Amino acid sequence: MQKPVKRKAQDIINGHEEELKKPKLMISRTSSDSTTRTASSNLTVVSGNIGKKISVRRRPSIPAAPAPAPAPAPPVQNEPEVIIKEVYLEREPVDTANATTNTAVVTMRDAHTETTLSPLEQQLASALEAQRALTTELHTTKVAMDSQRRSMLNTILELKGTYRVFCRIRPFTPSLNAPAQVDPDPANPIYSWSDSAGLGLDTVHITRMHDGATGPKKVSHPYKVDFVFPPDSKQEDVFLEVEPLVHTALDGKNVCIFAYGATSSGKTHTMSGTAKEPGIIPRTVAAIFEFKERIKSAVGDEVDIEVACSQIYNEKVDDLLTGKNAQTRKDRIDLTWVTIDSAEAITATLGTAAKNRATAATKENQDSSRSHAITQIRFTRSSVDPESGEKTKMFGGTLNLVDLAGSESAEQAKPTKEQPGQRSRQGNANESKNINLSLTNLKIVLNDLAQKSRKLKAGEKVTETRRAVGTRNSKLTMQLADALAGGRVLMIVNICPNPESLTLSRNRNALALASGTVSGM
């Protein structure tokens with residue numbers, strides 16, 4: 001009974017051996033020795049166990065020794081990290097070599113650039129230095145030319161006279177008292193004038209009928225002036241003669257321009273004009289800012305502009321920019337001065353002053369002004385350092401534009417009683433008294449200026465004084481004292497050609513005040 005059992009066990013052993021011989025149980029050559037040894041040990045154990053099992057029935061089994069524990073497998077490293085580390089280790093010497101190469105290239109390039117640009121930089125520096133020298137030379141030339149221009153203008157105005165009188169005859173218009181009146185007979189003109197074309201004094205003749213011992217006869221009264229503007233003269237014609245005085249004020253001189261005449265003679269039209277026909281003041285504003293830009297462009301100088309506006313009414317000075325009374329000191333009047341930086345700003349300032357100006361309606365002219373209106377424009381010219389921008393004051397001047405009140409008697413100026421709110425007759429009498437008082441003092445000062453002007457034209461020496469004679473006698477002459485002492489003065493007498501006897505009388509008075517002090521007489 002043992003033969004079958006033994007054969008069966010042998011078959012099992014043979015079967016296992018056949019299985020071990022099959023390719024699927026073969027250990028790869030690439031496997032580690034420890035793996036091979038482990039597999040062989042396992043096979044031996046299996047074979048031994050089988051043999052021992054078979055021999056159990058033959059003899060007692062002896063326990064086999066325990067198999068040794070397999071060695072721990074080495075830790076598996078992260079393959080991408082290893083590769084990246086190796087790449088960086090390989091790049092480090094390459095980066096070092098590249099940095100060294102770049103440094104060498106930059107050094108060589110800088111050396112080459114320095115070698116190449118050094119002559120170019122020297123040429124550029126020389127060119128810039130030459131340009132600066134040329135600019136300085138041109139600037140010096142322009143400054144010298146501007147100085148020569150100022151000197152020539154001053155000489156021309158001195159030759160013409162430091163005090164001059166113009167006469168402007170307004171076009172004929174029917175008066176309020178005689179609206180149906182026609183234009184005077186051209187064959188027998190009441191007003192006539194001679195024209196010297198600027199080569200000498202002009203003469204204005206006023207012809208009137210005079211009752212003599214033998215009956216009525218014509219009497220002509222001549223008045224000498226420096227220039228006559230006939231009725232057809234335009235606003236630009238007047239300003240063409242006035243503009244040199246504006247320029248001399250910008251050049252540092254004190255200038256005073258008066259508009260004088262009876263009520264309705266055209267003073268305000270001459271000074272202010274209208275939007276379509278601007279007068280001296282708006283044209284002066286335009287000329288000032290044009291000059292300011294031209295000087296800055298030519299020589300780099302800057303012109304600072306300030307404006308003050310006032311009126312003198314009944315020997316009281318009103319500040320038209322504040323609407324308050326101005327403080328009067330011993331020899332000066334304190335006013336508010338506003339800094340102006342554009343033509344629009346000065347126009348707005350003058351508009352404010354015009355609104356604050358006191359006017360009084362009179363029987364003859366509802367728009368007649370009963371006060372002296374004074375617009376003062378002060379200039380300060382400074383040179384500017386081109387590098388630091390620091391300003392250095394060179395000189396300053398003031399332009400005074402004066403619209404004088406009409407000179408008329410208290411009788412003529414009385415308001416209509418039927419109109420409420422008007423001043424009393426006594427109030428108007430005081431007005432006229434103060435107006436005539438200030439004009440009388442002005443005439444005294446102008447006479448003194450005319451004498452000095454005649455002496456200068458004759459080549460005689462004239463003692464310069466800080467103030468003209470009699471300037472403290474009225475608020476008008478006090479406020480204009482700086483311009484009246486050694487400055488340039490222009491009187492524009494406006495006359496109305498209407499033939500009424502009252503108009504004739506006023507025109508004669510106005511011409512007598514001005515022409516009696518004409519510089520050429």
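The values are calculated or read from the model by the stated rules, or taken from the named source; none is laboratory data. Given the structure is predicted, the values throughout are model-derived calculations rather than measurements. Note that we place each Cβ from the backbone using ideal geometry, even for glycine, and neighbour counts take in every protein chain shown.
Quick rundown of the values:
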{"item": "Failed item in (1) modelled with pLDDT of 70 or more; (2) charged (D, E, K, R); (3) out of contact with any Gly (no Cβ under 7 Å at 6 or more places or on another chain), with Arg168 passing the rest", "result": "(3)"}
{"item": "Residues of region 321-349 that turn out to be farther than 26 Å from Gly252 by Cβ and assigned to a loop (DSSP other than H, G, I, E, B), as a count", "result": "3"}
{"item": "Residues within region 278-310 that are hydrophobic (A, V, I, L, M, F, W, C) and assigned to a strand (DSSP E or B), tallied", "result": "5"}
{"item": "Selection count, region 299-317, where residues are farther than 28 Å from Ile435 by Cβ and touching a His at 6+ places or on another chain (Cβ under 9 Å)", "result": "2"}
{"item": "Top-ranked residue in region 376-423 [being in contact with a helix residue (DSSP H, G or I) (Cβ under 6 Å, 6 or more places away or on another chain) and modelled with pLDDT of 90 or more; ranked as nearest to Lys267 (Cα to Cα)]", "result": "Asp403"}
{"item": "Test: Ala373 is modelled with pLDDT under 85, among the aliphatic types (A, V, I, L, M) and within 21 Å of Thr274 (Cβ to Cβ)", "result": "no"}
{"item": "Residues located in region 230-256, provided they are of a type in the set (Asp, Glu) and in a helix (DSSP H, G or I)", "result": "Glu236, Asp237, Glu241, Glu243"}
{"item": "Matching residues, region 474-516, being over 40 Å from the mean Cα position of the chain (by Cα) and more than 15 Å from Val165 (Cβ to Cβ)", "result": "Cys496, Pro497, Asn498, Pro499, Glu500, Ser501, Leu502, Thr503, Leu504, Ser505, Arg506"}
{"item": "Among the residues listed as Ala275, Ala259, the single one being over 19 Å from Thr380 (Cα atoms) and in a loop (DSSP other than H, G, I, E, B)", "result": "Ala275"}
